[in-house]
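The values are calculated or read from the model by the stated rules, or taken from the named source; none is laboratory data. Predicted model, so just to flag it, every value in this text is computed and none were measured. FYI the Cβ positions are ideal-geometry reconstructions off the backbone, even for glycines, and counts take in every protein chain you see.
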Amino acid sequence: MITSLPIARKAALLLVLSAIALGGSIATVSSWRTHDLSFELIENELHAVAEGRKGALGAYLLSIEQDLLITARNEQTIDAVQAFTDAFRELGSGAESLLQKAYITDNPNPTGSKEKLDTAGSGSTYDTLHARHHPFFRFMLEQRGYYDIFLFDTDGNLVYTVFKELDYATNLNTGEWKDTDLGNVFRGALAASAADPVSFFSISNPMRPATAHRPVSSRPKSRTRRARPPVSWSSKCRSIGSMPSWTRHGRSERPAKR
């Protein structure tokens, strides 16, 4: 049929078909370019969000370090570490079982709320100290959103924690939890220099991933030449995960729940 058309009409038809083909090609190229631009915009946005969260994480970790240094040099913290150390040693070889019984097993508060107990009512030197210092450390934990706060003596005994889980009152050099990140926290903090007193430890062998947390540790300033016991605490993963997109060495895994 086309062959029977006059030459003028054939030329016009050819021009129309060429225009349609050209238009299709332009549309295809335009679509590809729009796709490339959209992908580039998304990529740039994701990069900006990642950089923002990186900055927020850096600021968050810096705030933890500042909290730790201030608390570790606080007179009440220094007094508490020494007093808890002395009272722990007074309890002798049975310190672990005595303290876990008083503050975990016989604690009337339910699992997850053991920190609410200020005194076990035993009248012991340790319990008197606990009633005096525990509210301060619990308040610190609640206000700053930390998972737990820990005080060690220089032998590796965990002489105090806020939450009182099963590593409480154990020895992190010789006890059941010595090979955990908490043990690494203690040894790292004890070896820390005066020029770099804060240590951050990442989680390498968490025993409870659901409650895994960022470990931090330091040592309080000593009034004497004696070795300074470490102070350590941990931050919740959800605190890091909930940081808005606009925006350093310690404690890690915990044993079974109370």
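Points worth noting:
- Condition check for A120: under 24 Å from E176 (Cβ atoms), in a loop (DSSP other than H, G, I, E, B) and out of contact with any Lys or Arg (no Cβ under 8 Å at 6 or more places or on another chain): yes
- If the condition is being under 20 Å from A72 (Cα atoms) and touching a helix residue (DSSP H, G or I) at 6+ places or on another chain (Cβ under 6 Å), then the stretch 105-135 contributes L129, H133.
- Residue check, Q100 at pLDDT 90 or above and either crowded, with 16+ Cβ neighbours inside 10 Å or closer than 17 Å to I149 by Cβ (or both): yes
- Leading residue by the ranking (nearest to T154 (Cα to Cα)) among those in the stretch 62-75 that are assigned to a helix (DSSP H, G or I) and charged (D, E, K, R): E75
- Sole residue being surrounded by 21 or more Cβ atoms within 10 Å (Cβ to Cβ) and polar (S, T, N, Q), chosen from N107, N157, N171: N157
- Of all residues in the stretch 62-82 being among the small types (G, A, S) and crowded, with 19+ Cβ neighbours inside 10 Å, the one that is nearest to A189 (Cα to Cα): A72
- Close pairs (7 angstrom Cβ cut-off, 6 or more residues apart or separate chains): under 17 Å from L141 (Cβ atoms) in the stretch 54-72, at pLDDT 80 or above and surrounded by 14 or more Cβ atoms within 10 Å (Cβ to Cβ) anywhere: D67/R144; T71/T77; T71/M140
- Only one of L91, L129, L98, L68 that is among the aliphatic types (A, V, I, L, M) and in contact with a Ser or Thr (Cβ under 7 Å, 6 or more places away or on another chain): L68
Yes or no, residue by residue, for (1) in a helix (DSSP H, G or I); (2) at pLDDT 80 or above:
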site: A48; (1), (2): yes, no
site: E51; (1), (2): yes, no
site: L57; (1), (2): yes, no
site: Y60; (1), (2): yes, no
site: T77; (1), (2): yes, yes
site: A80; (1), (2): yes, yes
site: T85; (1), (2): yes, yes
site: G94; (1), (2): yes, yes
site: N109; (1), (2): no, yes
